[in-house]
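What follows is calculated from the coordinates using simple rules that are stated; it is not laboratory data. Just so it is clear, the model here is predicted, and its values are computed rather than measured. In this analysis, Cβ positions are derived from the backbone assuming ideal geometry, glycine residues included, and neighbour counts consider all displayed protein chains.
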Amino acid sequence: MDTASRLLLFLDVVEHGSLMKAAESRKIDRSVVSKQISKLEDDLGVRLLNRTTRSISLTAAGGEMIKKASELRMLMQDTFTVAENFHSEPNGLLRIAAAPLIGRRYLQPVINQFQKDYPQVDIELRLDSKVADVVSEGIDLAFRVGEPKDGSFIARRIAQNRMIIAAAPSFIKTYGMPSKIEDLMHLPAATFVSTNARIKEIHYFNKQGHPCTQPMKSVFSANDGEVLIMKTLTGDAYFAGPCFILSDEIAKGDLIPLVTNTHLAEYSGMYAVYPHRDLPKRTLLFFNAVREYIGEEVPIWESNIKDFDNMYRPHYPRA
């Protein structure tokens, strides 16, 4: 391993927070990592890390070298990007990360067609509810709901993601059809809860255009949107959440939109996240394929709902 490779390994150690985690990410033994970091310190003639049995910390020299290591990684990635774009046919490995529902419903159909069109591209799809770190995990393209707050990478909005309130016909038969959002206050609800988000109330605008919230009586919560829809289909609870969770339940009549005269606040949009502005050819082609599949004007999850453009919109002049 040369000095440049050791610098990149040093960067992995710092980003993962330990020698062991860096070793696991590279599928090598911890002792190999420790030995190579020691050799790097010998090469440079300075100590980079303060190490204890439980933790590591950067020395002053290490803090400066980590900046150079980051620049080196970016230079290497840019170099491969330039070289790859000279190929007439996209090839190589494309690493994609997404939440499980997004991956199964909106990416897998694109992947299937993409690999028919570009058989030289291998794809690694990582599905995890945890938000992926595109830099340290080597992800080429990540798809997530919500605008990322970290400005160290590029984020592009793909589609809007409006809210909907829906229930099964059997729920309406039991509790009646609510005529206004306040009618939902004491009705059982299925709600989304995860480490990153909690939907325990409905955000909407009143007739004066002022933001308001309506608490929900949650009787069931889960961190998986498809499970919430399964619960809603039983008729035991209504659902209030982003449209992308739905499939064709509204079109088939299995679920019915409620209080559609309410002006609901828009949920966070769907974003594509990637580490550098200049995308390799294979990554750019896949990004465009996903955007085309989802729909650039009206996303696929809204086009499945008849007349949805007239639902949950303001029907009154603002004061």
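If a helix is a whole DSSP H run, which ones in the chain reach 15 Å or further along their own axis (Cα) and hold a mean Kyte-Doolittle hydropathy of at least 0.0?
Values: long enough: 3-16 (20 Å, 0.86); 30-44 (21 Å, -0.55); 60-84 (37 Å, -0.03); 281-294 (20 Å, 0.13).
The answer, listed by residue number, is 3-16, 281-294.
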Of PRO242, GLN113, GLY138, farthest towards positive along the dipole that unit charges on Lys, Arg, Asp, Glu beta carbons give the chain:
PRO242
Mind checking the log10 I(q)/I(0) for the chain at q = 0.06, 0.07, 0.13, 0.14 Å⁻¹? Debye, one equal scatterer per Cα, no solvent, two decimals.
-0.30, -0.40, -0.99, -1.07
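Given R₀ = 22 Å, what would the calculated FRET efficiency be for ALA265 paired with ASP128, taking r from the Cβ atoms and rounding to 0.05?
Numbers: r = 27 Å, r/R0 = 1.25.
E between ALA265 and ASP128, to the nearest 0.05, is 0.20.
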How large is the charge dipole for the stretch 23-120, taken about the Cα centre, if only the Cβ atoms of Lys, Arg (+1) and Asp, Glu (-1) carry charge, to the nearest 20 debye?
540
Quick one: check the C-alpha center-to-center distance for the stretch 220-297 versus the stretch 1-16, whole angstrom.
39
Assign one of three labels to the stretch 154-220, namely rounded, prolate or oblate, based on the Cα gyration tensor with a ≥ b ≥ c the square roots of its eigenvalues; rounded applies when a/c is under 1.5, prolate when it is not and a/b is larger than b/c, and oblate otherwise.
prolate
Among SER194, SER38, SER55, residue whose mean-square fluctuation peaks in a GNM of the chain (springs only between Cα atoms under 10 Å):
SER55
Using R₀ = 45 Å, calculate the FRET efficiency as 1/(1 + (r/R₀)^6) where r is the Cβ-Cβ separation of ALA4 and SER303; round to 0.05.
0.35
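Can you tell me the dipole magnitude for the stretch 163-265 around its Cα centre, using point charges on the Cβ only (Lys, Arg +1; Asp, Glu -1), in Debye to the nearest 20?
Roughly 260 debye for the stretch 163-265.
Calculate the dipole size of the chain relative to its Cα centre from +1 charges on Lys and Arg beta carbons and -1 charges on Asp and Glu beta carbons; express the result in debye to the nearest 20.
Details: 39 positive and 39 negative charges, 145 e Å.
The calculated dipole for the chain is roughly 700 debye.
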Given a Förster radius of 22 Å and the C-beta distance between LEU44 and THR79 as r, what FRET efficiency does 1/(1 + (r/R0)^6) yield to the nearest 0.05?
0.45
Longest exposed-loop-site-free stretch of the chain, with trypsin sites (Lys or Arg not before Pro), DSSP loop and at most 11 other Cβ within 10 Å?
55-129
Determine the relative contact order of the chain: mean sequence separation of Cα pairs under 8 Å and six or more apart, normalised by residue count, in whole percent.
20
Out of VAL193, MET177, HIS210, whose Cα points farthest toward the positive end of the dipole of the stretch 142-224 (charges: +1 Lys, Arg; -1 Asp, Glu; placed on Cβ)?
HIS210
